[in-house]
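So the structure is just underneath, and the comments pick up after that.
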Amino acid sequence: MAAAWQDVVRDAAAVREAAAVAVDAALLAGVLMRTGEQPNASDVVNYAPFTLLPSAVPRALFEQAYAVQQDFNLLVDAVSQNKEFLEQTLASTIKVDDFTAQLFRIYKQVLEEGLAQTVFLGINRSDYMFDCGLEGAAALRQIEINTIAASFGGLTSRTADVHRLVLNVLGKSEEASQLLPNNPAKGLALGIAKAWELYGSQRAVVMFLVEEVQRNIFDQRCVENELWNRNIRVVRKRFRDVFEQGSLDASRRLYMDGQEVAVVYYREGYVPQVYDEQNWEARLLLERSRAVKCPDIATQLAGTKKVQQELSRPGTLEKLLPGHPEAITRIRATFAGLYSLDEGEEGDRIAATAIADPDRFVLKPQREGGGNNLYGEELREVLEKIKDSPERTSYILMDKIKPQPALNYLLRAHSPLQVSECISELGIFGVYVRQGRELVLNQAAGHLLRTKAIEHADGGVAAGVAVLDTPFLV
Ligand code: ADP
Ligand code: MG
């Protein structure tokens with residue numbers, strides 16, 4: 001795997017020339033981000049970070065990841081509808097994790113009132129690394145599944161063109177021609193459009209629920225513009241706007257300043273810091289409404305690390321997906337070792353094992369967005385401190401995946417051009433729409449490859465660690 005571009009990767013002159021071409025190609029193609037200095041202005045923009053070279057990905061694992069995506073869509077949808085499972089699974093977590101507890105309170109409140117929403121839209125991204133085991137052959141291992149605000153489906157729709165050009169510049173036109181087309185933005189928009197259509201009001205709009213700071217707006221615009229091109233109106237609003245302008249009518253239709261909203265697409269709302277009292281109120285209003293939430297609060301809860309860990313327990317998938325033995329086999333084949341830290345003997349034992357050998361594990365709290373997990377010495381210290389307290393149950397433990405590194409260049413504005421040892425994470429986008437009990441759409445919508453230097457244990461593109469990449473299948 002590591003040797004795909006061995007001949008050029010150390011050729012300084014060729015690399016320099018290709019990097020200059022690559023950066024301009026990225027700007028031309030729209031692989032863009034707003035700047036840290038002016039995060040809410042489009043007057044000054046820069047290219048989003050990306051690799052100079054596409055990274056080698058084993059074809060069999062790539063195909064395996066695509067083949068299991070519809071199964072994961074089914075599974076997430078099943079979990080989101082299973083009150084008993086969510087309640088049992090999150091019972092210990094919500095005693096100690098305030099954020100999950102507050103989401104859970106809204107979930108319960110909305111259920112008790114009775115759901116007004118009848119159409120459901122899921123957009124998720126299942127992320128994997130390629131674990132290189134002792135036997136040599138790499139294995140596909142799921143890192144997590146993101147059920148809210150899974151990003152970079154827009155920008156990554158444009159990176160393959162950039163990498164194709166780079167390979168041509170480097171005299172590798174044969175390899176360039178093998179890069180796969182990829183357009184998650186189109187697939188995500190298709191799902192949103194379907195949900196909008198089933199909601200059934202021509203006048204109603206799609207509302208993108210966006211952050212206060214919108215550096216990654218171009219990624220969202222890719223999806224947004226696909227909707228405009230289908231003659232579906234899109235508005236961009238923040239929680240603050242919902243608090244000020246949002247209301248429900250007697251049948252719980254959602255209005256923003258008098259304009260009906262058919263679909264709420266969250267690109268915000270997954271970290272505790274964004275929620276003050278008013279924003280929680282806004283979230284509750286949205287969840288109570290008839291509008292199609294992507295995701296609804298149950299589906300957000302289905303994406304927690306605690307749920308992921310419980311799914312790996314023997315027998316759980318069989319209960320959640322009765323009648324789908326083949327899907328279960330495909331799903332389970334991607335699981336890494338996951339361990340509960342709930343109070344009791346099982347948790348005591350694994351905590352002791354991880355303290356003794358922290359490099360085998362990752363310690364994960366119930367958070368999203370990168371930079372929250374603990375590794376190595378830090379893992380040991382934290383676990384030592386909380387091992388006898390209930391706080392332990394707000395975390396899970398996971399086997400650490402160890403991919404084979406490869407050399408590449410991470411192109412970042414204002415950073416020197418230097419070779420790095422890198423590892424990659426493959427994400428597959430999934431989209432599904434359910435009307436009542438009937439699944440009317442269930443698809444894989446494209447992929448995302450993100451690559452980072454090995455010295456960073458954690459972190460995605462938005463966190464400034466990983467960069468966009470394109471898989472080169474080998
Ligand atoms: P988040 O919700 O913050 O994205 P993730 O579970 O995706 O949480 O972890 C963040 C990053 O940490 C991943 O993108 C990956 O680089 C690294 N990571 C997470 N789990 C593992 C693991 N089991 N082995 C190796 N690296 C991991
Ligand atoms: Mg992640």
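The values are calculated or read from the model by the stated rules, or taken from the named source; none is laboratory data. All values derive from a computational prediction rather than experimental measurement. FYI the Cβ positions are ideal-geometry reconstructions off the backbone, even for glycines, and counts take in every protein chain you see. Note: accessible area is taken over every heavy atom of the protein model, side chains too, but ligands, DNA and RNA are not part of it. Shrake-Rupley method; radii C 1.70, N 1.55, O 1.52, S 1.80 Å.
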Considering only residues that are on the phi > 0 side of the Ramachandran plot and open to solvent by 10 Å² or more (accessible area, probe 1.4 Å), which ones fall in region 419-474?
G436, G459, G464
Contact list, first residue from region 446-461 and among the β-branched types (V, I, T), second anywhere and outside any strand (DSSP E or B) and within 13 Å of ligand 2 (Cβ to nearest atom), beta-carbon distance below 9 Å, six or more apart or interchain, is T451/A466; V461/S151; V461/F152; V461/G370
With respect to P416, determine if the residue is away from ligand 2 (no atom under 16 Å from the Cβ), open to solvent by 40 Å² or more (accessible area, probe 1.4 Å), in contact with an Asp or Glu (Cβ under 8 Å, 6 or more places away or on another chain) and not hydrophobic (A, V, I, L, M, F, W, C).
no
Check whether at least one residue in region 262-282 is over 24 Å from F120 (Cβ atoms), assigned to a helix (DSSP H, G or I), touching a residue at least 12 places away in the same chain (Cβ under 8 Å) and not charged (D, E, K, R), and report yes or no.
yes
Cβ pairs under 6 Å, 6+ apart or interchain, first in region 146-167 and more than 29 Å from Y270 (Cβ to Cβ) and open to solvent by 20 Å² or more (accessible area, probe 1.4 Å), second of a type in the set (A, V, I, L, M, F, W, C) and part of a helix (DSSP H, G or I), ordered by first then second residue, are D161/A29; R164/A176; L165/A25
Considering region 351-394 alone, what residues qualify as being β-branched (V, I, T) and without any contact (Cβ under 8 Å) to a residue 24 or more places away in the chain?
T353, V382, I386
Test for S55: is it touching a strand residue (DSSP E or B) at 6+ places or on another chain (Cβ under 8 Å) and surrounded by fewer than 23 Cβ atoms within 10 Å (Cβ to Cβ):
no
Checking D131 against (1) away from ligand 1 (no atom under 16 Å from the Cβ); (2) surrounded by fewer than 20 Cβ atoms within 10 Å (Cβ to Cβ); (3) touching a residue at least 60 places away in the same chain (Cβ under 8 Å), only one condition comes out false. Which one?
(1)
Spot the failing condition for P295; the list is (1) over 30 Å from N373 (Cα atoms); (2) open to solvent by less than 10 Å² (accessible area, probe 1.4 Å), and only one is missed.
(1)
Out of R240, R236, R203, R215, report the one residue that is more than 21 Å from the chain's Cα centre (by Cα) and not in a helix (DSSP H, G or I).
R203
Quick test of your reading of the structure: A176 fulfils all but one of (1) touching a residue at least 24 places away in the same chain (Cβ under 8 Å); (2) of a type outside the set (K, R); (3) open to solvent by less than 30 Å² (accessible area, probe 1.4 Å). Name the failing condition by number.
(1)
So E211 passes all but one of these: (1) open to solvent by 60 Å² or more (accessible area, probe 1.4 Å); (2) of a type in the set (D, E); (3) under 29 Å from R450 (Cα atoms). Which condition number does it fail?
(1)
Qualifying residue in region 390-403 (condition: surrounded by fewer than 18 Cβ atoms within 10 Å (Cβ to Cβ), within 13 Å of ligand 1 (Cβ to nearest atom) and of a type in the set (D, E))
yes
Given (1) over 20 Å from A193 (Cβ atoms); (2) touching a residue at least 40 places away in the same chain (Cβ under 8 Å); (3) open to solvent by 50 Å² or more (accessible area, probe 1.4 Å), index of the condition Q259 fails
(1)
Could you say which residue among I217, I232 is modelled with pLDDT of 95 or more, closer than 24 Å to Y275 by Cα and open to solvent by less than 30 Å² (accessible area, probe 1.4 Å)?
I217
